[in-house]
Amino acid sequence: MPTRRAVLTLLGRNAAGLAAVSALGPALARAQSAEPDLYKGHGMAMHGAPKYPADFKQFEYVNAAAPKGGSMYQGVAGGTFDSLNPFVLKGTPVSAVSGFVFDTLMKSSSDEPFTMYALIAKTIETPKDRAWVRFELDERARFHDGSPITSADVVFTFEMLTSDRAHPVYRQYYYDVVKAEADGPRAVKFTFRAAGNRELPLIVGQLPVISKAYWSGRAFDQVTLDRPLGNGPYRIGDLAAGRYVVFERVKDYWAADLPTNRGYNNFDVIRLDYFRDATVAREAFKAGEFDYRFENQALAWATQYETEAVRKGELVKSEVPHQRPAGMQCFAMNTRRAQFKDWRVRRALALMFDFEWTNKNLFFGQYKRTLSYFANSEMAATGLPEGAELAILERFRGRVPDSVFKEPYALPVYAGDGNIRDGARAALALLKQAGLDFKGSDLADKDGKPFRFEILSGSPAFERVYLPYIANLKRIGIVAELRLVDPVQYQKRVESFDFDMITDGFGQSESPGNEQRNFWSASAADTPGSRNTIGIKDAAIDALVDLVINAPDREQLVARCKALDRVLLHHHFVVPSWHLASDRLIYWDKFGVSPPHRRGTSWTTWWYDAGKAERLKGRIRSQT
């Protein structure tokens with residue numbers, strides 16, 4: 001899955017909202033305010049008050065005394081790149097450019113659901129009704145060439161990213177922001193489509209800032225390997241298209257000592273090496289070609305790291321629990337295709353996936369079945385709707401599936417021995433209700449056209465999962481064919497919705513908001529490159545998305561997410577797969593590691609430990 005892949009990759013991923021003035025705590029009470037209904041401060045939370053006061057020195061989960069220096073080599077599996085412009089749909093960019101090279105107006109903490117603090121903007125100001133937001137820029141803020149970051153740069157950035165020259169995801173994400181205007185040389189005001197969207201001030205705070213002077217003389221919408229002028233902690237150094245790219249720490253980075261950056265950006269060099277597929281990358285990693293790997297394959301985690309380096313402690317293998325919502329990983333059906341229009345067909349396809357056999361035989365029992373678009377969170381719909389959630393759903397009775405009110409969403413739990421006869425019988429009954437029946441050994445529609453579809457994959461790793469599923473489908477007369485394509489072709493076909501079924505993932509933050517429009521809205525369904533790969537066009541779902549975005553407090557946000565979750569589930573758009581409530585990390589022991597927090601851990605707060613690294617000389621490439 002694009003991590004983020006999707007909105008998460010392009011935008012840094014957390015979506016959240018603003019807190020009500022009535023909920024302001026002691027930290028916000030100390031903030032300056034021009035009038036009772038106007039908030040101005042160093043940070044802002046979606047709901048409630050920021051955890052860290054205006055005079056905070058660092059986030060609690062970092063080591064502010066971490067030394068600077070050394071290197072972090074990473075491998076990118078199953079990918080390539082031909083562009084250093086991460087903001088457009090054309091080409092295959094190095095997505096890391098956005099986070100390493102360009103700073104945003106504000107920066108989120110990792111130990112709160114969604115709170116942002118000063119970075120390029122030193123203050124954030126908004127009225128009680130959230131009809132607009134104003135950012136005052138830090139007078140020290142600079143691009144890498146020493147030129148100041150001004151309000152003109154911020155306005156130019158917003159206008160460029162929301163134009164048809166940028167990736168369409170930005171227009172979806174900032175849809176409710178109708179205007180950006182300079183308020184002097186170091187302040188920018190953004191006006192919103194309507195008041196009441198508690199998330200929008202923070203969404204705007206995620207805006208990366210680019211240089212107007214630099215881009216005014218260049219074609220923004222083109223693939224390029226020119227190194228862009230940035231303003232973040234790293235600049236691009238050496239590179240070879242499709243092979244590797246090096247990021248070099250900016251030694252005179254203006255924001256290095258801000259509280260939001262202390263303990264971050266500790267490596268002098270970050271290098272990304274690209275590999276053909278995960279197997280090749282894994283073997284290169286064990287041979288010492290790069291330093292760190294986030295392992296997402298259960299079989300590999302269980303069987304591929306029984307090495308001497310692991311036994312000697314040179315390679316550290318660690319599972320780190322987290323409290324992040326798992327979202328929905330699934331086999332996604334493209335409902336733009338005629339064969340997936342009927343919910344009974346989609347439900348039948350879900351019944352034919354034997355998760356228990358797959359988990360037992362392929363994943364060593366490591367996973368849990370995903371039964372929610374907000375899995376592993378309080379926002380997951382369970383049981384029958386009640387309370388605030390039921391009150392929300394009652395407003396949509398007759399416009400959402402009746403089953404929403406009558407039965408919890410569930411999938412059969414099979415024995416894990418490959419026997420799914422009950423599920424197959426139920427699937428055939430649904431398919432017959434949908435007008436399909438056997439013509440010889442094939443299932444066909446009333447015109448005699450066989451039920452066939454293609455499963456598109458960009459990675460050979462999923463072949464072992466798909467083939468048993470394909471065999472199960474064949475038992476009920478459905479012919480599914482696996483089509484493996486290279487990563488570039490896969491990306492382009494998914495962006496243009498040229499597929500029948502894919503493996504997809506809809507990641508969620510702890511405070512869902514505007515990104516839901518990019519996942520589920522009718523407008524996103526017609527926007528190439530959007531995350532609405534399923535092709536959902538449903539007025540009730542659009543309305544539920546708007547309710548989530550405009551939730552007035554945490555309690556209502558949870559209830560509205562549950563209602564949206566339940567409706568999505570009862571439309572049977574996907575074949576839910578699995579999730580894991582921990583991160584599987586393995587790395588060469590050359591780092592100091594910061595303690596885990598609610599979101600797990602992040603190597604961006606680690607540091608190079610020269611003492612540990614000394615014993616690895618000759619063992620790994622970055623130490624030779």
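The values are calculated or read from the model by the stated rules, or taken from the named source; none is laboratory data. None of the values given here were measured: they were computed from a predicted structure. Here Cβ is always computed from backbone atoms with ideal geometry, including for glycine, and neighbour counts include all displayed protein chains.
Of these, Val188, Val169, which one is at pLDDT below 95 and of a type in the set (Val, Ile, Thr)?
Result: Val169 is the single residue among Val188, Val169 that is at pLDDT below 95 and of a type in the set (Val, Ile, Thr).
Would you please list the contacts, defined by Cβ atoms under 9 Å and residues six or more apart or on different chains, that run from a residue in segment 384-401 that is over 11 Å from Arg560 (Cα atoms) to a residue that is assigned to a loop (DSSP other than H, G, I, E, B) and charged (D, E, K, R)?
Leu384/Glu407; Arg399/Asp538; Val400/Asp538
When Ala415 is evaluated against the numbered criteria (1) among the aliphatic types (A, V, I, L, M); (2) surrounded by 15 or more Cβ atoms within 10 Å (Cβ to Cβ); (3) farther than 30 Å from Tyr490 by Cα, which criterion, by number, is the only one it fails?
(2)
Is it the case that Val404 is part of a loop (DSSP other than H, G, I, E, B), β-branched (Val, Ile, Thr) and within 25 Å of Met328 (Cβ to Cβ)?
no
How many of the residues making up segment 580-610 are farther than 20 Å from Glu289 by Cα and either modelled with pLDDT of 95 or more or in a loop (DSSP other than H, G, I, E, B) (or both)?
Total satisfying the criteria: 11.
Here is a yes/no grid of residues against (1) in contact (Cβ under 8 Å) with a residue 40 or more places away in the chain; (2) over 14 Å from Phe374 (Cα atoms); (3) not hydrophobic (A, V, I, L, M, F, W, C):
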position	(1), (2), (3)
Pro528	yes, yes, yes
Ile534	yes, yes, no
Leu544	yes, yes, no
Val548	no, no, no
Gln556	yes, yes, yes
Arg560	yes, no, yes
Leu568	yes, no, no
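Being in contact with a Ser or Thr (Cβ under 8 Å, 6 or more places away or on another chain), closer than 20 Å to Gln206 by Cβ and outside any loop (DSSP other than H, G, I, E, B) is the filter here, so list the residues in segment 489-540 that pass it.
Glu515, Arg517, Asn518, Ala524
Of the residues that make up segment 108-115, is at least one assigned to a strand (DSSP E or B), of a type outside the set (A, V, I, L, M, F, W, C) and crowded, with 22+ Cβ neighbours inside 10 Å?
yes
Name the one entry in Lys90, Lys51 that is under 30 Å from Ala240 (Cβ atoms), basic (Lys, Arg) and not assigned by TED's automatic domain parsing to the domain that holds Gly592.
Lys90
Being in contact (Cβ under 8 Å) with a residue 60 or more places away in the chain and within 23 Å of the chain's Cα centre (by Cα) narrows it down to one residue among Arg235, Arg293, Arg262, Arg249; which is it?
Arg293
Need pairs with beta-carbon distance below 6 Å; first residue assigned to a strand (DSSP E or B) and within segment 435-455, second among the aliphatic types (A, V, I, L, M); sequence gap 6+ or separate chains.
As it stands, the answer is Leu443/Leu436; Leu443/Ile478; Pro450/Ala444; Arg452/Val479; Phe453/Ala480; Ile455/Ala480; Ile455/Leu482; Ile455/Met501, since those pairs meet every condition given.
Could you please tell me which pairs satisfy a Cβ distance under 8 Å, a separation of 6+ or placement on different chains, a first residue in segment 469-490 that is closer than 27 Å to Gly416 by Cβ, and a second residue that is at pLDDT below 95 and part of a helix (DSSP H, G or I)?
Here the result reads Leu482/Glu463, each pair linking segment 469-490 to a residue that is at pLDDT below 95 and part of a helix (DSSP H, G or I).
Yes/no per residue for (1) charged (D, E, K, R); (2) within 18 Å of Gln329 (Cα to Cα); (3) within 24 Å of the chain's Cα centre (by Cα):
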site	(1), (2), (3)
Pro450	no, no, no
Leu456	no, yes, yes
Tyr466	no, yes, yes
Lys474	yes, no, no
Gly477	no, no, no
Asp486	yes, no, yes
Gln491	no, yes, yes
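In segment 376-392, which residues are on the phi > 0 side of the Ramachandran plot and of a type outside the set (S, T, N, Q)?
Gly383, Gly387
Does segment 266-286 include one or more residues that are in contact with a Phe, Trp or Tyr (Cβ under 8 Å, 6 or more places away or on another chain) and among the polar types (S, T, N, Q)?
So far as segment 266-286 goes, yes, one or more of its residues are in contact with a Phe, Trp or Tyr (Cβ under 8 Å, 6 or more places away or on another chain) and among the polar types (S, T, N, Q).
Failed condition for Val320, given (1) of a type outside the set (Lys, Arg); (2) at pLDDT below 95; (3) in contact with a Pro (Cβ under 8 Å, 6 or more places away or on another chain); (4) over 21 Å from Val62 (Cα atoms), with all others met?
Single failed check for Val320: (4).
Give the residue, chosen from Glu386, Glu319, Glu378, that is of a type in the set (D, E, K, R), in contact with an Asp or Glu (Cβ under 8 Å, 6 or more places away or on another chain) and over 30 Å from Leu443 (Cα atoms).
Exactly one residue qualifies, and that residue is Glu319.
Tally the residues that are within 22 Å of Lys537 (Cα to Cα) and out of contact with any Leu (no Cβ under 8 Å at 6 or more places or on another chain), restricting the search to segment 550-577.
Qualifying residue count, segment 550-577: 10.
Test Ser496 against the stated conditions and say whether it is within 24 Å of Met46 (Cβ to Cβ) and hydroxyl-bearing (Ser, Thr, Tyr).
no
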